[in-house]
1. Have a look at A:VAL97, A:VAL56 and point out the one that is among the aliphatic types (A, V, I, L, M) and crowded, with 19+ Cβ neighbours inside 10 Å.
2. Is there any pair with a first residue in the stretch B:82-104 that is in contact (Cβ under 8 Å) with a residue 40 or more places away in the chain and among the hydroxyl-bearing types (Ser, Thr, Tyr) and a second that is open to solvent by less than 40 Å² (accessible area, probe 1.4 Å) and not in a strand (DSSP E or B) whose Cβ atoms are under 6 Å apart and which are 6 or more apart or on different chains, and what are they?
3. If you check B:ILE103 against the conditions, is it under 19 Å from B:PHE170 (Cβ atoms), surrounded by fewer than 24 Cβ atoms within 10 Å (Cβ to Cβ) and in contact with a helix residue (DSSP H, G or I) (Cβ under 7 Å, 6 or more places away or on another chain)?
4. Would you tally the residues in the stretch C:73-116 being more than 8 Å from chain A (Cβ to nearest Cβ), assigned to a loop (DSSP other than H, G, I, E, B) and of a type in the set (Lys, Arg)?
5. Please find, among B:ARG61, B:ARG37, B:ARG31, the residue that is in a helix (DSSP H, G or I), more than 25 Å from the chain's Cα centre (by Cα) and surrounded by fewer than 17 Cβ atoms within 10 Å (Cβ to Cβ).
6. State whether one or more residues within the stretch C:54-67 are assigned to a loop (DSSP other than H, G, I, E, B), in contact (Cβ under 8 Å) with a residue 60 or more places away in the chain and within 22 Å of B:ALA21 (Cβ to Cβ).
7. Return yes or no: is C:LEU70 more than 11 Å from chain A (Cβ to nearest Cβ) and either modelled with pLDDT of 95 or more or within 29 Å of A:PRO216 (Cβ to Cβ) (or both)?
8. Test A:VAL207 against the criterion of being assigned to a loop (DSSP other than H, G, I, E, B) and crowded, with 24+ Cβ neighbours inside 10 Å, and give yes or no.
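The values are calculated or read from the model by the stated rules, or taken from the named source; none is laboratory data. Predicted model, so just to flag it, every value in this text is computed and none were measured. As a convention, Cβ positions derive from the backbone with ideal geometry for all residues, glycine included, and neighbour counts pool all protein chains shown. Remember, those area values only see protein heavy atoms, side chains included, never the ligands or the DNA or RNA. Shrake-Rupley method; radii C 1.70, N 1.55, O 1.52, S 1.80 Å.
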Amino acid sequence: MDRREPIPRPADGASTPTPVPALPNRRAANGEGRSRLRGWLASPVALLPLGLVALVAAVLLWESRLANLGPSFWGLNYFFDPSGGAPSVFGVSLFLVDSAIVAGPALALASGLSLAIAISTVVYLPPAPSRLLTLLTNLLAGIPSVVYGIWGYVVLAPYFGTTAQPTLRGFLGWLPGFGGPLSAGGVGSLLAIFILTIMVIPITAAVMRESLRNVPNDLVEAGLALGATPWEVVRRVRLRAARRGLWGAVFLGLGRAIGESVAVAMVIGASIQIPPNLYTPSTTLASFIFYQLDSAFFYPNLLTALTEFALVLLAVALVVNLLGQRASGADATVIVTGGGRG
Amino acid sequence: MIRDRGAGPTALAADGAELAAVSPRLRHRLRLDGIVRWALLGAFAAVFFPLFDMIYWVSVRAVPKFTLATFTEYQVGNAGGLAAMIEGTFVLIGLATAFATSIGLIAGIYTAEYAPPAVARIGRLAGNVLAGIPAIVIGYFGYFLFALYTGWGYTTLGGALTLSVLMVPFVYRTADLAFSSVPASQREAALALGARRHQYLRRLAWPIALPTVLTGVFLAMAIGLGETAPLVYTAGWSNTPWTGLFSPTSFLTGAIWLFYEQPPTLGALLTLAFQAAFLLIVIVVALNLGLQWLADRYRRRLRGLGA
Amino acid sequence: MSDDGGRDVEAPPIISVRELTVRARDRVILERVTLDIPDRDVTGIIGPSGCGKTTLIRTMNRMAERSGGLAISGSVRYRGQEIYAPEVNPVLVRQKIGMVFQRPVVFPMSIFDNVAFGPRLNGLDGDELEAIVLRSLERAGLLGEVGSDLDRPALELSGGQQQRLCIARALAVEPRVLLLDEPTASLDPIAAQRVEALLFELRREYAVVLVTHNLQQAARVATRTAFLYQGRLIEYDETKRLFETPREKLTENYVTGRFG
């Protein structure tokens, strides 16, 4: 039997793994008035996740009371004097810049490596090794961030201090950001970038893998039948067709990179400054509000400031997340499980 | 333009080598394909080096020092074991899984089965948004709501509730997916036979959806198990035996966070941190294998249904 | 089984298949198929669904090995040379032996880029590239219809136009053989007829192998027709003879519509 359906547009094929479109039909299947009513009555239950998101935002908004911290709030300076002697300055942009310095390179590295992983698994590896390596990648995703943190701090940091940093400076010292003083203990942005890269990879790789896998086989075969090599099919057909899903993966990784607090706090050296180079200790928005909260319990103005920082982080995460969902239309969270797919 | 294709025997002899005549351009393209293949596989392999390095070092630091006391004794000062953290982790994860599963499952079923399409869409979007909220933001939320507003202070219950907020979207989205994936034919057949919606759900959809739902629950557990930030300011810390829902508790990830900066010379704390890390890795591996097993099983089941 | 392949062909065949057997894990898809494909002619392959006809043409340009788990044995020669020889790269085989699929598979890019896909891989650009794109569109009878705007997205074309675009795209690689797997199955009758006419035209320059389950189509277009049944080549003969005086009972039953 011929299945006479329209040609799947590749973007759709790449991005809708869930059978969501089936839902309207299902409801139409018993379209009695009573069931409609029940549908609307059921809505609050279906919207529980929305309620939780709203509750989180509401509590943070309430706690920050949107206190006006002055124009310095969006500035690059941060100063807090527990004794209250000098006026405090809470500039969130300092931390946003620091977050970008760490998350940006980590995301770039992770995206590139994830793409390599995704292409290898989907195109080049036979099924059995492909499955095994996918399992290992998922394992990488499951390792708690504190474990990355302690490994980074105890095992990697000394190595970064004695070897990795000097070597990198030796080769790339002429580039801005790669020269200048090293960090003696090895903790700093570079180590944080390294750790974050590894933590982001499994997520981006999983979503990229699914996007590439969902490229219609028809397109791939058409490319091969024209005498293209596997790599040419990847570059000219697969990557094109999966573009949206791939961008979705990058945004999802960005969300993870920006939001990670504990592992970064353990390896970045916790120094409130815009670092002169990649080696020096620094901080990030998420890690700062994590390790600073216990100091804030007795200083209401600090607690308010940190809560507003948390709000900023929440806003950034929301924007990144929504952009990612929009880019891919993909159900990224579920894809990562590898489960539920036929 | 028609190419000259002599049909005579000479022409044929020349043609015989057609498939062997690899032009320089094609040779270049094939070589590029080979290089890219090995480069990509190399990058792939490079990613696993850190994983193995980490597992190696954590094992080296943790395994030789494991004794029975590690599991049975409570940490006091610079000595003792992980008993309190293990207890606390089990209680926290158990409670949080129970909360997250009940909320996520119900919301997921309603989204898949009852909600109007527009509402379902918003629900799914919100589920993904919730999964994308940084853990530390959830931590602040939990601190205000469960430690301050309730007046409980640091409690096991507060920690578990905070953790469950983080876990809900994973159960929710997989439950939704599981029930949405039940083949429409099955559902229509059941409803056509006069089955009520809840009968259809219980008798037909539930057995099909169960493995996927379990996948989501396992995943949520793995997520919850690895979190530190939401617990530090909600569950607090306590290295004594666990006394109840309204008392603070310790947990494995917390042990790492608290002890990772201790010099190795100073007693057993750093070792305890590594041992906690080792235990977490073991549990995560077990959960991952469980997940994989469920996913395979589910796939086979779906195939059996011809879906 | 018939071994009369190539009997009435004076010129050497462009593809000769000998004792081709394809096995999947649990069943035999093709069993000892032997036939010759003449150059510059249309060869039809007919048979009921699942008889192996698609697999047969997919072995002819080494697309079959993409479906994992198939064991292919026997010999397929292109102009006398074994295409499964270890030193032969499938990429080169597929350049010489093009393929068009059942559903029109256009890439989500412009009409021009679709047709230019193959030539670009071979390093063509500029005027040369444009010339070959225009020539291919012309040959596929599409230039008159779309000529004005080649930068339009190819997905905006109608189904029939898309399928002819796929043919143009395959021709742009300058193959000598064109394999078509039920190319009109997803088209409306008028569009299908245009594709058919095009294939008939193309036989002047190419060896065309047409897999179809539409017997009338085979009768109209193909000079010779092969009938496959359950993985075996039952009969291979001039189309007229195969349809009018089949030698095998199975063929007769099939072409008279007693099963299918």
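1. Working: A:VAL97 fails: crowded, with 19+ Cβ neighbours inside 10 Å.
Of the residues listed, the single one that is among the aliphatic types (A, V, I, L, M) and crowded, with 19+ Cβ neighbours inside 10 Å is A:VAL56.
2. B:THR89/B:PHE251; B:THR89/B:LEU252; B:THR101/B:VAL171; B:THR101/B:VAL217
3. On the way: under 19 Å from B:PHE170 (Cβ atoms): yes; surrounded by fewer than 24 Cβ atoms within 10 Å (Cβ to Cβ): yes; in contact with a helix residue (DSSP H, G or I) (Cβ under 7 Å, 6 or more places away or on another chain): yes.
The answer is yes for B:ILE103.
4. Adding up the residues that qualify gives 1.
5. Every option except B:ARG31 fails the conditions.
6. yes
7. yes
8. Against the criterion (assigned to a loop (DSSP other than H, G, I, E, B) and crowded, with 24+ Cβ neighbours inside 10 Å), A:VAL207 does not qualify.
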